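Handing you this structure, nothing more for now.
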Amino acid sequence: MHDARIPAIFEAAFEYDDIRIRIDIMQRLADGTWGLREVKSSGGLKDHYLDDIALQVYVARGAGVAVSSIELLHVNTAFVRGPGGIRWTDFFARLDVGDRVAVRLTDLTDRLPAMRDCLAMTGLPDAEPGKQCGTPYSCEFQDRCTADKPDDWIGWLPALSAARLDALKALGIDAISAIPEDFPLTSKQAVIRDVMASRRPFVAADLARLLQGYGPPACYLDFEAMSSPIPPYEGTRPYQTIPFQWSLHAVTGDGVLHHREFLADGDRDPRRRFAEALIETLNIFDGPIIVYSAYEKTTLRALAAYFPNLRAALHGIIDRLLDLLPIVRGAVYFPEFWFSNSIKTVAPALSPGFGYDDLDGIADGLAAAAAFSRLASGEISHREEIDRLRAALLAYCHRDTLAMVEVHGALQRLAARKR
């Protein structure tokens, strides 16, 4: 810090009042004072950042550092990567948060004793698990704190308001299956309560009607995409969704199951080839295109807006889309769903023996995006590892569309029994 030739210090460590901190960047200013720079990968200021920064300022100033400027550096989501790569001075946005941090500093010393008391605890805090366990970050100890709860703990009931959760606690009710029939619940919550109490599946009487138009013949489509803070290709922005893979299962009128797939190389923007290959393949197969979220429609609309000459063909695909998720969400509930409508939970429940446990390394969308990001960045150079990751990506996306085939078939069988 005494060497004027050093313009900035990264991860600068200070201690004061028995508090140790590391500051992302300490920037030397022309007047001899210092600028504190907190760096975040988010696209803007979040309220809890201010408490973090305030504590850093408190310690740095207490340690004798003249901090005269306080800024948050966050990702500029309007930045577009040009042909020359990343211009880092444009990639980051700088926000002066000095005045807002000053407000947090006014009562910081009053709040420190409670923080120290918390850190000094030798046992679990006497706090009931609730929504605070995920705000502002997900607590890593949730499994411990819910270990003694019943499998159908009321805290798992979807969309249960805080007021009704408190009302159930006041009644001494801890399990969904024990909720009285006259307790006010939404129709979906009541279905879950009844299923957990009886352990018998719920199947809506009009399931067959809801499935009309879903084929066969039918196609089953799933996309994988990445959304990196650092735009990987020219013309892309931070956190922009870049689809790189699709899988398509198709059941033709004669009942034969076909499969087609696409996985980009990663060395260039995959969107046009992704779209062109999809258009070409879907021209082969008849029937509705079944998806399991609104994500595919959103992605296709973005592609149609970006590639005007593909717009008509992509909107033709959009017109064929049918979403299976609302039917599952509203017309079926099995005890094995365990309060989730995810395809990874629903498919094994409706089609016993089907699952994802045998997949090697990639078994969810986040892992798929992370793997392709590694491929696209050039981080991996060994051919063997590249081939392994690509095989894992293809296997995972194939499994997702096969899961839709299984779910649709199971729903058709349930509907037939209801007739």
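What is the number of the single condition among (1) of a type outside the set (Asp, Glu); (2) touching a Leu at 6+ places or on another chain (Cβ under 8 Å); (3) within 24 Å of Thr77 (Cα to Cα); (4) surrounded by fewer than 18 Cβ atoms within 10 Å (Cβ to Cβ) that Tyr233 does not meet?
Result: Tyr233 fails condition (2) only.
Turning to a different aspect of this structure: With the condition kept exactly as written, say whether any residue in region 194-207 is within 27 Å of Leu321 (Cβ to Cβ), of a type in the set (Gly, Ala, Ser) and touching a residue at least 60 places away in the same chain (Cβ under 8 Å).
Within region 194-207, one or more residues are within 27 Å of Leu321 (Cβ to Cβ), of a type in the set (Gly, Ala, Ser) and touching a residue at least 60 places away in the same chain (Cβ under 8 Å).
Within region 158-187, can you find the residues that are out of contact with any Lys or Arg (no Cβ under 8 Å at 6 or more places or on another chain) and touching a residue at least 40 places away in the same chain (Cβ under 8 Å)?
Within region 158-187, just Lys169 meets the criteria.
Which one of these does Phe274 not meet: (1) in a helix (DSSP H, G or I); (2) among the aromatic types (Phe, Trp, Tyr); (3) open to solvent by 30 Å² or more (accessible area, probe 1.4 Å)?
The one condition Phe274 does not meet is (3).
For region 215-223, state whether one or more residues are at pLDDT 95 or above, outside any strand (DSSP E or B) and not acidic (Asp, Glu). Break it down stepwise before answering.
Residues of region 215-223 that are at pLDDT 95 or above, as a first pass: 217-223.
Next, only the ones that are outside any strand (DSSP E or B) stay: 217.
Filter once more, so that each one left must be not acidic (Asp, Glu): 217.
Looking through region 215-223, at least one residue is at pLDDT 95 or above, outside any strand (DSSP E or B) and not acidic (Asp, Glu).
Ok, one more. Any idea which of His74, His2 is modelled with pLDDT of 95 or more and not acidic (Asp, Glu)? Step through it out loud before you land on a result.
Working: His2 fails: modelled with pLDDT of 95 or more.
Of His74, His2, the one residue that is modelled with pLDDT of 95 or more and not acidic (Asp, Glu) is His74.
Residue pairs, Cβ under 8 Å, 6 or more apart or interchain, first in region 110-133 and hydroxyl-bearing (Ser, Thr, Tyr), second in a helix (DSSP H, G or I) and open to solvent by 90 Å² or more (accessible area, probe 1.4 Å). List them.
The qualifying pairs do not exist here.
Please count how many residues of region 86-107 are open to solvent by less than 70 Å² (accessible area, probe 1.4 Å) and over 30 Å from Ala162 (Cβ atoms).
Step one: filter region 86-107 for residues open to solvent by less than 70 Å² (accessible area, probe 1.4 Å), giving 86, 90-93, 95, 97-98, 101-102, 104-105, 107.
Those left that are additionally over 30 Å from Ala162 (Cβ atoms): 86, 90-93, 95, 97-98, 101-102, 105.
Summing the residues that are open to solvent by less than 70 Å² (accessible area, probe 1.4 Å) and over 30 Å from Ala162 (Cβ atoms) in region 86-107 gives 11.
Residues are listed down the side, and each one gets a yes or a no for (1) open to solvent by less than 30 Å² (accessible area, probe 1.4 Å); (2) within 17 Å of Pro229 (Cα to Cα); (3) assigned to a helix (DSSP H, G or I); (4) in contact with a Lys or Arg (Cβ under 7 Å, 6 or more places away or on another chain):
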site: Asn341; (1), (2), (3), (4): no, no, no, yes
site: Thr345; (1), (2), (3), (4): no, no, yes, no
site: Pro348; (1), (2), (3), (4): no, no, yes, no
site: Gly353; (1), (2), (3), (4): no, no, no, no
site: Tyr356; (1), (2), (3), (4): yes, no, no, yes
site: Gly361; (1), (2), (3), (4): no, no, no, no
site: Ala369; (1), (2), (3), (4): yes, yes, yes, no
site: Phe372; (1), (2), (3), (4): yes, yes, yes, no
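Going residue by residue through region 108-123, is there one that turns out to be at pLDDT below 95, open to solvent by 60 Å² or more (accessible area, probe 1.4 Å) and assigned to a loop (DSSP other than H, G, I, E, B)?
yes
Of all residues being in contact (Cβ under 8 Å) with a residue 40 or more places away in the chain and of a type in the set (Gly, Ala, Ser) in region 25-43, which is least open to solvent (accessible area, probe 1.4 Å)? Just the residue, please.
Gly43
Next question. For region 124-163, what are the residues that are open to solvent by 70 Å² or more (accessible area, probe 1.4 Å), in a helix (DSSP H, G or I) and of a type outside the set (Phe, Trp, Tyr)? Can you show your working first?
Keep residues of region 124-163 that are open to solvent by 70 Å² or more (accessible area, probe 1.4 Å), which gives 124-126, 128, 131-132, 135-138, 140-141, 143-144, 147-148, 151, 156, 159, 163.
Filter again for in a helix (DSSP H, G or I), leaving 131-132, 143-144, 156, 163.
If the condition is that a residue be open to solvent by 70 Å² or more (accessible area, probe 1.4 Å), in a helix (DSSP H, G or I) and of a type outside the set (Phe, Trp, Tyr), then Lys131, Gln132, Asp143, Arg144, Ala163 are the ones that fit.
Moving on to the next point. Please specify each residue of region 195-207 satisfying the condition of being farther than 20 Å from Leu411 by Cα and open to solvent by 70 Å² or more (accessible area, probe 1.4 Å).
Answer for region 195-207, where residues must be farther than 20 Å from Leu411 by Cα and open to solvent by 70 Å² or more (accessible area, probe 1.4 Å): there is none.
The values are calculated or read from the model by the stated rules, or taken from the named source; none is laboratory data. Keep in mind it's a predicted model, so treat the numbers as computed, not measured. Because the Cβ atoms are built from the backbone with ideal geometry, glycine has one as well, and the counts that use them run over all protein chains shown. Quick note on the areas: whole protein, heavy atoms, side chains included, nothing else; ligands and nucleic acids left out. Shrake-Rupley method; radii C 1.70, N 1.55, O 1.52, S 1.80 Å.
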